[in-house]
Structure formats: structure tokens, C-alpha cells
Amino acid sequence: MPRARAASGGTATVYSSPVTDPCPCGHDAWAVPADQREALALAGHQNAIGHLLAVVARDNARWLGVLRCTRCGRLWAEDSMSSGHADMFFIYPITATDPDAWLAAARSLNLPSR
Ligand SMILES: [Zn+2]
């Protein structure tokens, strides 16, 4: 006579940890740009996620800044470049923990146009 398997007590695991959810800001998916083409893509990304970013520190004299994602708390650098006829801003992810110290040591990337 077949026996029914004992119920396991309803311990089904649900994988929905917010810790492992990638943040919509894409901090893990982006990197420091190597040329102006990549910076252009990051400028577009900045438009897309701008509502998530808050300014932490900014050096207006050097057009550099540090932004923080209000969702995951990680930091993005804000840099600028001359592209064609206009100066434009772009962002890239940084792993700094002290925004002011990062900004003090930061330099513009001066990306090649390629
Ligand atoms: Zn984020």
C-alpha cells in the first residue's frame, strides 16, 4: 500500500531578498568610461536615473561632483567633457566612501574622443 509523503511543513524558500536585487541605478552594470563614446552613453544613463541621484558634494570651479543614489546609497562621480560644440556632464560609478575626500583628490577624466 503506497504511503503519502509527509508534508514538509511549508518551508518553501522565496528568493526575494532586497539585498541581492540590483538597484535600478545600475551601479554594478556601469564602469568608468574609457572614451567619449562611453561617456556619452553614461550621460544618457544620467538622464534616465537622475531622479534617483542626490548631490553630495560638488566643485563648481572644476565641474566635478559626487552624487549618491537615494535607493542603494552608492556613489557616482559627475564629470564633464567638451563634446563637439558643447560641454556636457556624465556620471560613472565610484566605490569611494568619503565623498569630500574623493572630490578633493579627483581629476577630470579628460577622455579621448576616438
Ligand atoms: Zn542605486
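Numbers below:
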read-out: By average C-beta atoms within 10 angstrom, highest first, the peptides 32-42, 46-56; value: 32-42, 46-56
read-out: Surrounding net charge for S113, when Lys and Arg each add one and Asp and Glu each subtract one, Cβ distance under 10 Å; value: +1
read-out: Cα-based Rg / Dmax (Å) for region 36-105; value: 11.8, 35
read-out: Burial ranking of peptide ranges 89-101, 65-77 (average Cβ count within 10 Å, highest at the top); value: 65-77, 89-101
read-out: Residue-span extension gain [C23 to N47] - 0.36 nm each, minus C-alpha spacing; value: 7.0 nm
read-out: 5 angstrom amide H check on I94, placed H, neighbours 5+ away; value: L75, W76, A77
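Computed from the coordinates by the stated procedures, all read-outs in this text should not be read as laboratory data. Source: prediction; values computed, not measured. When we count neighbours, we look across all protein chains shown, and the Cβ atoms used for this are built from the backbone with ideal geometry, even at glycine.
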